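Colleague: Quick one: the structure is below, questions incoming.
The values are calculated or read from the model by the stated rules, or taken from the named source; none is laboratory data. On a predicted model such as this, the values are computed, not experimentally measured, just so you know. Cβ placement follows ideal geometry from the backbone for every residue including glycine, while neighbour counts extend to all protein chains displayed. Surface accessibility is based on the protein's heavy atoms, side chains included, excluding ligands, DNA and RNA. Shrake-Rupley method; radii C 1.70, N 1.55, O 1.52, S 1.80 Å.
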Amino acid sequence: MKKLRMIFVAVFMMTITACALDTGEKAPDFELKGADGKMYKLSDFKGKTVVLETTNLSCPFIKKFYNAGAMQKYQAKAKKDGVVWLSICASAKGKEGYMEPDAINKKLKELKAVPTAYLIDADGKVGKKYGMKTTPHMFIISDKGNLVYQGAIDSIKSTDSDDIPKATNYLQQALTEIAAGKKVSVPKTKSYGCSVKY
Amino acid sequence: MSSVFAENEQLIKAHILSNVTQTAPDAEFYVAVQFDISDGSYTYWENPGDAGVAPTFSWTAPENVVIGKVMFPSPKLKIEEGIVNYVYEKKVLFLFPVKIAKDYPAPELKLKVKADWLVCKEACIPESEFLELVIPVENEQKFIDGHNVYFDKWRKKVPFQNDDLAVLVQLNGKALSITGKFKDKVDEFAVFPLTEELLIDQKKGKINDDGSFSQNFIVDIPVSKADFVLHLRKGEKHYYITKTITVPKQQ
């Protein structure tokens with residue numbers, strides 16, 4: 001039994017690192033249920049720039065951005081610019097961040113969050129496919145379906161909201177470059193946050 | 001960034017201590033912040049790994065006193081669901097070297113520090129503590145015997161340069177292999193990257209037949225140089241070593 005468990009753990013561990021995507025690669029399609037009860041596929045948004053926000057509304061690094069109104073600002077700007085914003089929670093049932101749809105919708109309303117959709121990835125399949133390691137961990141998919149950015153929102157690794165205006169915002173920088181038809185100058189950074197609670 | 005819990009409910013209890021009962025102008029000693037970490041909880045090393053953040057210490061000290069950089073002891077590797085972290089559990093002492101100027105004018109020295117850290121159990125919580133220590137300044141410095149031994153135990157876990165270690169580096173695509181040769185054949189080893197752009201290959205490293213040891217890393221984001229901390233054990237002797245390597249250019 002012990003030997004089997006060890007092999008299983010090893011396979012699990014390999015899955016997250018082996019499948020991490022290279023920037024420039026085609027973003028794998030996925031289908032997840034939203035907190036609103038609807039099914040969402042990445043391919044539904046072909047022709048649009050898509051932002052994936054790996055989220056966990058209880059994580060202090062996520063709270064850093066929501067408490068300051070920053071994440072909501074990014075979401076609203078995305079909406080205005082025709083960019084799709086998908087918040088994806090890969091927390092397993094029973095672990096930090098996992099919530100039932102009613103609780104999610106209540107929390108999103110309370111936070112005044114405006115993602116296009118909040119998707120529930122409780123079995124972590126999408127998280128592991130993308131190599132989501134932290135909350136937050138951001139991914140930008142171009143309108144042609146390629147991964148053009150992955151990593152941190154910004155350059156200062158902390159849980160302190162006061163650091164947000166002091167940091168280089170990689171997410172906004174990339175979105176601005178994409179909107180201007182330019183190549184993303186910083187296509188990958190090391191993400192920071194709480195570990196994803198698979 | 002205040003803690004949600006009352007002070008005595010924090011997962012880490014922080015204390016400030018020194019290895020002297022009194023100091024003197026022109027003297028040097030250590031001050032330390034000790035973390036007593038609740039069972040089942042952990043906090044992070046200088047490079048936290050895939051997630052988390054290192055503890056930070058913000059000192060207030062009088063003029064004529066210089067408090068050096070925090071000395072991080074060598075950490076432990078923790079892998080959960082494929083997420084790698086470098087952590088401390090149970091107890092850790094962070095040492096800071098202190099230097100008093102020749103012309104220090106006052107009869108005492110008040111040191112204040114704000115310690116901030118992230119402590120994790122199933123979830124991670126930011127916690128904070130304000131700590132203060134007053135040390136008399138006299139004609140001569142006096143060490144606290146017991147503390148001196150205790151500080152020394154922890155100072156030995158702080159890695160430093162060691163010329164008895166040679167390292168060979170090879171890059172194959174994104175796979176970086178580090179092979180170390182020490183003066184003695186080691187019984188056990190661990191290699192921790194300080195450079196955050198490097199990820200440890202989760203396949204365990206190995207001790208080779210010729211006595212060298214190897215550990216692989218993934219160059220997640222290209223870097224030209226990388227710093228490592230190595231913990232080697234030969235019998236009962238432990239060595240904690242820092243090493244900087246040049247990363248070959250990716251082909």
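Colleague: Evaluated at 37 °C with a viscosity of 0.692 mPa s, what Stokes-Einstein diffusion coefficient in µm²/s does region B:59-134 have when Rh comes from the Kirkwood expression over alpha-carbon pairs? Intermediate values should be presented prior to the final figure.
Modeller: Values: Rh = 15.3 Å.
Here the translational diffusion coefficient equals 215 µm²/s.
Colleague: Quick check: convex hull of the Cα atoms in chain B, volume per residue, rounded to a whole Å³?
Modeller: Normalising the Cα hull of chain B by residue number yields 156 Å³.
Colleague: Mind checking how much accessible area B and A bury in total, 1.4 Å probe, in Å² rounded to 100? List each step's numbers first, then the result.
Modeller: Numbers: alone 13630 and 10500 Å², together 22110 Å².
In total, this chain pair buries about 2000 Å².
Colleague: What residues of region A:111-145 lose no less than 40 Å² of accessible area with every protein chain in place versus their chain by itself (probe 1.4 Å, heavy atoms only)?
Modeller: The answer is A:K133 - residues whose exposure falls by at least 40 Å² when every protein chain is included.
Colleague: Can you give the average number of partner chain beta-carbon atoms within 10 Å of each beta-carbon in peptide B:75-88, as a whole number?
Modeller: Average neighbour count from other chains, rounded to a whole number: 4.
Colleague: Also, I was wondering about something else. Among DSSP beta bridges lying fully in the protein assembly as shown, give the percent that are antiparallel, nearest 5.
Modeller: Rounded to the nearest five, the antiparallel share is 90 percent.
Colleague: Using alpha carbon centroids, what distance separates region A:102-141 and region B:133-211, in Å?
Modeller: Rounded to whole Å, the Cα centres lie 38 Å apart.
Colleague: Suppose we compare each residue of region B:29-60 in its chain alone and in the full protein complex with a 1.4 Å probe; which ones drop by at least 30 Å² of accessible area?
Modeller: B:D50, B:A51, B:G52, B:V53
Colleague: Using a Debye calculation, one point per C-alpha and no hydration shell, please list log10 I(q)/I(0) for region B:103-207 at q = 0.22, 0.24, 0.25 Å⁻¹ in order.
Modeller: For region B:103-207, the Cα-only Debye profile gives -1.32, -1.41, -1.44.
Colleague: Per residue of A:57-63, what is the mean number of Cβ atoms on other protein chains within 10 angstrom of that residue's Cβ?
Modeller: For this peptide, the per-residue mean of nearby foreign Cβ atoms is 3.
Colleague: What do you reckon, how do A:T116, B:T43, A:T49 stack up by accessible area (1.4 Å probe), largest on top?
Modeller: In descending accessible area the options line up as A:T116, A:T49, B:T43.
Colleague: Quantify, in whole percent, the carbon and sulfur part of the accessible surface of the protein assembly as shown (1.4 Å probe; protein heavy atoms only).
Modeller: 53
Colleague: Per residue of region A:86-100, what does 6.51 cos²θ - 1.76 cosθ + 1.60 with θ = phi - 60° give for ³J(HN,Hα)? Whole Hz please, x for Gly and Pro, Karplus curve as stated.
Modeller: 10, 8, 10, 9, 9, 5, 6, 4, x, 9, 3, x, 5, 9, 6
Colleague: Let me know the whole percent of all Cα-Cα pairs from region A:116-178 that are separated by more than 19 Å.
Modeller: 42
Colleague: Here's a follow-up. In region B:105-148, what residues drop by 10 Å² or more in accessible surface going from the chain by itself to the full protein assembly, probe 1.4 Å?
Modeller: Relative to the lone chain, where solvent access is computed with a 1.4 Å probe, region B:105-148 loses at least 10 Å² at B:L118, B:E122, B:A123, B:C124, B:P126.
Colleague: How much area per residue is accessible in region B:55-200 when the probe is 1.4 Å and only protein heavy atoms are counted (Å²)?
Modeller: Accessible area per residue: 51 Å².
Colleague: Quick one: the Cα spread of region B:41-189 along its three principal axes, in angstroms, biggest first?
Modeller: Projected onto its principal axes, the Cα set of region B:41-189 covers 59, 42, 30 Å.
Colleague: Moving on to the next point. Taking θ = phi - 60°, what integer Hz values does the Karplus form 6.51 cos²θ - 1.76 cosθ + 1.60 yield along region A:73-81, in sequence order, with x for Gly and Pro?
Modeller: Calculated HN-Hα couplings, in order: 5, 4, 5, 5, 5, 4, 4, 4, 8 Hz.
Colleague: Rounded, prolate or oblate, given the Cα gyration tensor of region A:66-143, with a/c below 1.5 counting as rounded?
Modeller: The shape class here is oblate.
Colleague: May I ask for the equivalent-ellipsoid semi-axes of region B:193-251, computed as the square root of five times each C-alpha gyration tensor eigenvalue and listed largest first in whole Å?
Modeller: On the way: eigenvalues 108, 38, 23 Å².
Each semi-axis is √(5λ); the values are 23, 14, 11 Å.
Colleague: Rg and Dmax of the protein assembly as shown, Cα atoms, in Å?
Modeller: Over the protein assembly as shown's Cα set, Rg and Dmax evaluate to 24.1, 77 Å.
Colleague: Taking only DSSP H segments of four or more residues, each worth -39500 (n - 2.57), what value at 222 nm results for chain A once the sum is divided by all its residues, to the nearest 500 deg cm²/dmol?
Modeller: The per-residue figure over chain A is -9500 deg cm²/dmol.
Colleague: So what is the orientation-averaged projected area of region A:45-198, using the convex hull of its C-alpha atoms, in nm²?
Modeller: Orientation-averaged projected area of the Cα hull: 8.2 nm².
Colleague: When ligands, DNA and RNA are left out and all protein chains stay put, how many square angstrom of accessible area per residue does region A:30-83 have with a 1.4 Å probe?
Modeller: Each residue of region A:30-83 exposes 45 Å² on average to a 1.4 Å probe.
Colleague: So, counting K/R as plus one and D/E as minus one, what does the shell of residues with Cβ under 10 Å around B:E197 add up to?
Modeller: With Lys, Arg at +1 and Asp, Glu at -1, the net is 0.
Colleague: Can you give the relative contact order of chain A as a percent, counting alpha carbon pairs under 8 Å and 6+ residues apart?
Modeller: Worked out over chain A, it gives 28 percent.
Colleague: Please tell me the relative contact order of region A:46-111 in percent, rounded to the nearest whole number, where contacts are Cα pairs under 8 Å and at least six residues apart. Intermediate results must be reported in sequence, preceding the final value.
Modeller: Values: 59 pairs, mean separation 27.8, N = 66.
In percent, rounded to a whole number, it is 42.
Colleague: Now, a different point. Which sequence of B:H231, B:H238 reflects their accessible areas, 1.4 Å probe, from the largest down?
Modeller: The ordering from most to least exposed comes out as B:H238, B:H231.
Colleague: If you don't mind, another one. Using the heavy atoms of the protein chains alone and a 1.4 angstrom probe, what is the accessible area of region A:133-182 per residue in square angstrom?
Modeller: 39
Colleague: Ok, one more. Helix B:145-155 versus the longest principal axis of chain B: what is the Cα-based angle in degrees, 0 to 90, to the nearest 10?
Modeller: Approximately 30 degrees, to the nearest ten.
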